[in-house]
Amino acid sequence: MEIKLTQKQFRRLLDLVYIGNWVMNSTRGDDRITEYDEVESLVFSHCLEHGMARLTEVYQGEIIPSRAFAEGGIHEAIMAYEDETFFEILAQEMALRDLDDPPITAENYEEIQARMEDYMGEFERHGTDNITVELEE
């Protein structure tokens with residue numbers, strides 16, 4: 001298979017491959033899905049022939065994204081996504097809790113969405129500062 005990309009498109013593909021592998025493997029510890037690591041290594045190996053060698057390094061005989069790549073802003077994009085996802089899930093869980101955890105249906109969808117929007121507004125203004133949890137002893 002051959003894919004033709006401009007330099008800019010290839011650079012964006014590197015970001016996508018890195019983020020995808022991060023999502024698939026970053027929480028797995030030693031139980032990584034090696035097939036994703038292999039694809040990442042293969043894609044990043046093409047950096048060498050396209051003047052982007054500084055975006056790679058060799059680790060245990062494999063080409064991997066370099067520290068320069070990983071520290072070049074990609075993790076800020078991942079963190080922004082994680083933050084947004086965290087707050088959306090929290091807002092949904094809290095909205096459902098407020099309504100005694102019903103399944104989402106056509107009948108309650110708008111009410112759940114309205115509550116979620118209220119919570120999201122609160123989170124945008126104050127983050128988690130106003131959230132408290134009473135721990136059982």
### Query
From the residues in the range 52-69 that are without any contact (Cβ under 8 Å) to a residue 12 or more places away in the chain and exposed (fewer than 15 other Cβ atoms within 10 Å of the Cβ), which one is nearest to L5 (Cα to Cα)?
A53
### Message
Every residue in the range 1-16 that is surrounded by 12 or more Cβ atoms within 10 Å (Cβ to Cβ) and in contact (Cβ under 8 Å) with a residue 12 or more places away in the chain, please.
### Response
F10, R11, L13, L14, D15
### Message
With touching a residue at least 24 places away in the same chain (Cβ under 8 Å), within 21 Å of the chain's Cα centre (by Cα) and farther than 30 Å from V133 by Cβ as the only criterion, which of I78, I19 stands out?
### Response
I19
### Task
Go through R28, R32, R97 for me and flag whichever is in a loop (DSSP other than H, G, I, E, B), at pLDDT 95 or above, of a type outside the set (S, T, Y) and within 30 Å of T128 (Cα to Cα).
R28
### Message
Cβ contacts < 8 Å: first residue in the same structural domain as E88 (by TED's automatic domain parsing), restricted to the range 106-117; second residue assigned to a helix (DSSP H, G or I) and of a type in the set (S, T, N, Q), any location; separation 6+ or different chain. Result?
### Response
I112/Q92; M116/Q92
### Query
Taking the range 81-112 as the search range and keeping residues that are surrounded by fewer than 13 Cβ atoms within 10 Å (Cβ to Cβ) and of a type in the set (S, T, N, Q), which one is farthest from the chain's Cα centre (by Cα)?
T105
## Note on the structure
Going through (1) touching a helix residue (DSSP H, G or I) at 6+ places or on another chain (Cβ under 9 Å); (2) at pLDDT below 95; (3) in a helix (DSSP H, G or I) one by one, E124 fails only at (2)
### Task
Have a look at A91, A53 and point out the one that is assigned by TED's automatic domain parsing to the domain that holds R12, at pLDDT 95 or above and not acidic (D, E).
A53
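The values are calculated or read from the model by the stated rules, or taken from the named source; none is laboratory data. Quick caveat: nothing in here was measured; it's all calculated off a predicted structure. Note that each Cβ is placed from the backbone with ideal geometry, even for glycine, and that neighbours are counted across all protein chains shown.
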